[in-house]
Amino acid sequence: MASNLPPKPTLEHSTAASGGLAHEHHERPRGIWRWLLTTNHKEIGTLYLVFSLVMFFIGGIFALVVRAELFQPGLQLVQPEFFNQMTTMHGLIMVFGAVMPSFVGLANWMVPLQVGAPDMALPRLNNFSFWLLPVAFTLLLSTLLMPGGGPDFGWTFYAPLSTTYAPPSTTFFILSLHMAGISSILGAINIIATILNLRAPGMRLMDMPLFVWTWLITAFLLIAVMPILAGVITMMLMDINFGTSFFNAAGGGDPVLFQHLFWFFGHPEVYIMILPAFGIVSAIIPTFARKPLFGYASMVYATASIAILSFLVWAHHMFVVGLPLVAELFFMFTTMLIAIPTGVKVFNWIATLFRGSITFETAMLFALSFVVLFTIGGFSGLMLAIAPADFQYHDTYFVVAHFHYVLVPGAIFAVMAGVYYWLPKWTGHYPDERLGRWHFWMSVIGVNLTFFPMHFSGLAGMPRRIPDYALQFADFNMVSSVGAFMFGVSQLLFVWGVIKCVRGGEKAPAKAWEGAEDLEWSVPSPAPLHTFETPPEFTPITH
Amino acid sequence: MRKSLAWMMGAGSFLGLASSTLANGWNMPVGVTDVSREIYSLHMTIFWICVVIGIVVFGVMFYSLFRYRRSRGAKSANFHENTSVEVVWTAIPLLILVGMALPATATLKRMYDPSEAELDVMVTGQQWRWHYEYLGEDVSFTSSLSTPRSQVNGEEEKDENYLLDVDEPLVLPVGRKVRFLMTSDDVIHSWWVPDLAVKQDSIPGFVNENWVRIEEPGIYRGQCAELCGKDHAFMPIVVRAVEADEFDTWLAERQEAAAAEASGVDREWGMDELMERGEQVYGSICATCHQPDGSGAEPTFPALAGNEALLNDLDRHIDVVLNGVSGTPMAAYRGNLNPVELAAVITYERNAWGNESGDAVQPSEIQALLE
Ligand SMILES: [Cu+2]
């Protein structure tokens, strides 16, 4: 399909103005100190992206341990205690270590370039928010080696399993989550400050690229909910170490309170992991359809309404904990409402494709499969919203299928699309299209082999988070495991493609993609260390 | 409202027929209660709505991808908004959602009405088994996994109901409304039997309600649905639904057996009988954590074999078993086991695996402590 791509813009006619001169101001530290002390948004962006890639592989290996054990019924490779640690760590690492930092990495690189700012508003804070993460996750991973093992209570760590009944290492888990949370809050503050204060003269809010818009809204979500997470884990810390009974029923505490607090954080958190993906896809589809994004304003309003609704739906994760009828109805209705702004987004992307002039570069392939597969995840989400039916779906593999569809071919495909899209800007070279296509097709097939059968095993009655299962689920699980290994191995192609692109390849001009319009394409490729030292001329593009 | 419900039921039963070929381990079971059938038709209705929307949306998308390829010479248009189209594609989904919310609300209201139950069953989740008590009938028992570990570890062939068999199923009458009261002694569990469409969390310190009226006799299997620790995968549920008169006979027999056991409290028990009964209780209640050989799993579950602190202090041993240890996974067993079972298991723990205290704890002593 993509074998006859159009000629790429050549170096000669890419004379777009560069935003600033790439000269060095002073002696820069070398080696490890350069990376430890850097306050440059591009270098910090790279650190975030590399970190999240490493976490993606560690979390992926944990997932493969899980899938290997589930390849057939019976216990073969690991014992249930270790299995529970693997599912828990897989979730924690992927959510807090891979997906979130990868979006922050993209924001670090692209938000200043897209708004015409010389750097992030608070560069030293930026350095600090990044370096908290390796410390936090080294601590988290080290719990696996502690007596009693690491966290084994699921990434949702419901009390009292995570307090009274938890392994001794839980205190370290709490500390590491606190650090990751502080990092997120500081990162969010920085992004808001950059977007609100450092836009190029003449760029109004409604002129901003959608990636900037979605990140602005995401950052507000982060600031609103990370403190709730911090509160709830602090209450756990008190229950474990200081004899309080927030969640201990024997002491008059309330285990359901834990779930209300967790999901009041957790549901907005779900959108924190998808809104920036909407922004990336909204940049890529118009570029390769060579047509302005359809419904720019409605995209902004849809993103904002999803963010507001995300505070009103948390108890749809709790339909079977025994909520009163009115609460069930309220949360069912609000949850169903989310389908409307989400639908608007999907329709807008498709309307952008309609009557375009479409080519299928790797970035576009990932963005298009995002639209399809994220929508499938949205459909199962709509099914889960129907409270009576949720009594059958809840805590089964149907739910596992649902959230992996929105997170893997959703969030993660969008990140990969963004990487293929912006690699020419970062490295000055086009990524290898042939390799990219292999990576894409292997990933798409692997992802669907892994997660589609989970709809069936879940409906047929398989609970989630079990190391062993009844015989009627055997076939589905075998297919899922094969798919998971295929997906896992194909990510090595991604790493190879990125390394290859960093080291060389076809030279890219400033405006690497013919249909790309935003400000980042006005600076040279690769983007010099310092850009937009004087604010660029900004002429609004028709949105 | 009534009209849309009727329409939905009609559509649901049609879809139910159309998809009955699917319902062989690929789809949600239709189940054997009114509620389970309503849930099934809600599920199939929303499923087909999604399928239709998917065909339209992906149809337009793939048409565009094919028709407007640059390689076919497509020139891009420049439009980027159209208010009427945007209003339409906001309004239509809203109408579909309202149409879906109405029948879902009706079903939910029925599910939330446990009134006029003819039988109350208290369901208590415990790591990792279920305890059932027929309230007001003096009958209660514990139901644990009966699949042998040798099948789990692959030393023996797995049988048909691998991981879905228990030593004592929950027996329920067909045709009577049964109310469940769900709670837990330790962490949160969730009692789920797909064919009955009952899934309800059992939460320490809370009592949740749910109900069922089973229509067909049969064996219905399910599992704990909420992660509850190490053996979460190994606490299945089996419901044996029998005709009402057969149920009454069964209940009467169980009541007699319970009465006989209660009378055993007063007599003097010999060491051998205590050890024999104790081994049985230990195997079904204690062995999952403290291990069949009493070696425990440090640091969470202390070893009982050679545990000097316990062996030198009989009173403390009894206290731990009866009242649990707060702040640890050790639960209080005073409500779950009868005095004979408690005396036997304590005796067993003090005299098995090389422990040689020689103490034979009498059921009457425990009875005195419980009062
Ligand atoms: Cu359980």
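The values are calculated or read from the model by the stated rules, or taken from the named source; none is laboratory data. The model shown is predicted, which means the values in this text are computed figures rather than measured ones. Reconstructed Cβ throughout: ideal geometry from the backbone, glycine too, with neighbour counts over all protein chains shown. Quick note on the areas: whole protein, heavy atoms, side chains included, nothing else; ligands and nucleic acids left out. Shrake-Rupley method; radii C 1.70, N 1.55, O 1.52, S 1.80 Å.
Is there a residue being within 11 Å of the ligand (Cβ to nearest atom), on the phi > 0 side of the Ramachandran plot and within 18 Å of the chain's Cα centre (by Cα) anywhere in the range B:233-250?
The initial filter retains those residues of the range B:233-250 that are within 11 Å of the ligand (Cβ to nearest atom), namely B:233-237.
Those still in the list that are on the phi > 0 side of the Ramachandran plot too: none.
No - not one qualifying residue is present in the range B:233-250.
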Looking only at the range B:42-61, and only at residues there that are more than 9 Å from chain A (Cβ to nearest Cβ) and without any contact (Cβ under 8 Å) to a residue 12 or more places away in the chain, the one that is nearest to the chain's Cα centre (by Cα): B:VAL52
Filtered residue count, the range B:246-279, keeping only those that are modelled with pLDDT under 85 and under 21 Å from B:THR147 (Cα atoms): 0
Qualifying positions in the range A:103-120 - part of a helix (DSSP H, G or I) and open to solvent by less than 10 Å² (accessible area, probe 1.4 Å): A:PHE103, A:GLY105, A:LEU106, A:ALA107, A:ASN108, A:MET110, A:VAL111, A:PRO112, A:LEU113, A:GLN114, A:VAL115
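Out of everything in the range A:235-283 that is of a type in the set (D, E, K, R) and within 14 Å of chain B (Cβ to nearest Cβ), what residue ends up being nearest to B:THR183 (Cα to Cα)? Steps first, answer last, please.
Within the range A:235-283, the subset of a type in the set (D, E, K, R) is A:239, A:254, A:269.
Retained after the next criterion (residues that are within 14 Å of chain B (Cβ to nearest Cβ)): A:239, A:254.
Details: A:ASP239: 21, A:ASP254: 13 Å.
That would be A:ASP254.
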Filter result for B:ILE39 (within 29 Å of B:ASP195 (Cβ to Cβ) and facing chain A (nearest Cβ under 7 Å)): yes
Test result for A:THR163, under 18 Å from the mean Cα position of the chain (by Cα) and part of a loop (DSSP other than H, G, I, E, B): no
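Filter the range B:187-199 for residues that are under 24 Å from B:PHE301 (Cβ atoms) and either more than 9 Å from the ligand (Cβ to nearest atom) or part of a strand (DSSP E or B) (or both) and give the result.
In the first step, residues of the range B:187-199 are kept if they are under 24 Å from B:PHE301 (Cβ atoms); the result is B:187-190.
Listed by number, the residues that qualify are B:HIS189, B:SER190.
Does any residue of the range B:281-302 turn out to be farther than 30 Å from A:GLY149 by Cα, more than 16 Å from the ligand (Cβ to nearest atom) and either part of a helix (DSSP H, G or I) or of a type in the set (A, V, I, L, M, F, W, C) (or both)?
Restricting attention to the range B:281-302, the residues satisfying the condition of being farther than 30 Å from A:GLY149 by Cα are none.
No, the range B:281-302 has no match at all.
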Whichever residue in the range B:211-230 is open to solvent by 10 Å² or more (accessible area, probe 1.4 Å) and away from the ligand (no atom under 16 Å from the Cβ) and, among such residues, is farthest from the other protein chains (Cβ to nearest Cβ): B:PRO217
Count of the range A:351-367 residues which are crowded, with 24+ Cβ neighbours inside 10 Å and at the interface with chain B (Cβ under 7 Å from one of its Cβ atoms): 3
Every residue from the range B:170-181 that is closer than 19 Å to A:PRO463 by Cβ and surrounded by fewer than 24 Cβ atoms within 10 Å (Cβ to Cβ): B:LEU170
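Considering A:ALA193, A:ALA302, which residue is open to solvent by less than 30 Å² (accessible area, probe 1.4 Å), of a type in the set (Gly, Ala, Ser) and more than 14 Å from chain B (Cβ to nearest Cβ)?
Details: A:ALA302 fails: more than 14 Å from chain B (Cβ to nearest Cβ).
Unique residue meeting the criteria: A:ALA193.
Condition test on B:THR183, is it hydroxyl-bearing (Ser, Thr, Tyr) and within 15 Å of the ligand (Cβ to nearest atom)?
Yes, satisfied.
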Residue that is most open to solvent (accessible area, probe 1.4 Å) [pool: residues in the range B:78-112 that are in a helix (DSSP H, G or I) and among the hydroxyl-bearing types (Ser, Thr, Tyr)]: B:THR83
Some residue of the range A:150-158 being within 14 Å of chain B (Cβ to nearest Cβ), over 28 Å from A:THR214 (Cα atoms) and part of a helix (DSSP H, G or I): no
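Look through B:GLY205, B:GLY125 and report the one residue that is closer than 24 Å to A:GLN259 by Cα and in contact with a helix residue (DSSP H, G or I) (Cβ under 8 Å, 6 or more places away or on another chain). Full working, then the answer.
Values: B:GLY125 fails: in contact with a helix residue (DSSP H, G or I) (Cβ under 8 Å, 6 or more places away or on another chain).
Being closer than 24 Å to A:GLN259 by Cα and in contact with a helix residue (DSSP H, G or I) (Cβ under 8 Å, 6 or more places away or on another chain) holds for just one of B:GLY205, B:GLY125, which is B:GLY205.
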Count - residues of the range B:139-153 that are of a type in the set (A, V, I, L, M, F, W, C) and within 16 Å of B:LEU251 (Cα to Cα): 2
Residue check for B:VAL345: β-branched (Val, Ile, Thr), more than 20 Å from B:LEU145 (Cβ to Cβ) and touching a residue at least 24 places away in the same chain (Cβ under 8 Å): no
B:SER202 within 14 Å of the ligand (Cβ to nearest atom) and more than 9 Å from chain A (Cβ to nearest Cβ): yes
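Every residue, every condition in (1) open to solvent by less than 30 Å² (accessible area, probe 1.4 Å); (2) at pLDDT 85 or above; (3) part of a helix (DSSP H, G or I), yes or no:
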site	(1), (2), (3)
A:THR10	no, no, no
A:THR15	no, no, no
A:ALA22	no, no, no
A:THR46	no, yes, yes
A:SER52	yes, yes, yes
A:PHE56	yes, yes, yes
A:GLN85	yes, yes, yes
Check on A:LEU175, open to solvent by 10 Å² or more (accessible area, probe 1.4 Å) and within 22 Å of A:ILE280 (Cα to Cα): no
Near pairs, Cβ below 7 angstrom, 6+ apart or cross-chain, from the range A:416-435 (in contact (Cβ under 8 Å) with a residue 60 or more places away in the chain) to any residue that is assigned to a strand (DSSP E or B): A:GLY428/A:LYS507; A:HIS429/A:LYS507
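When the residues of the range B:113-153 are filtered to those that are within 14 Å of chain A (Cβ to nearest Cβ) and exposed (fewer than 15 other Cβ atoms within 10 Å of the Cβ), which remaining residue is farthest from the ligand (Cβ to nearest atom)?
The qualifying residue farthest from the ligand (Cβ to nearest atom) is B:SER115.
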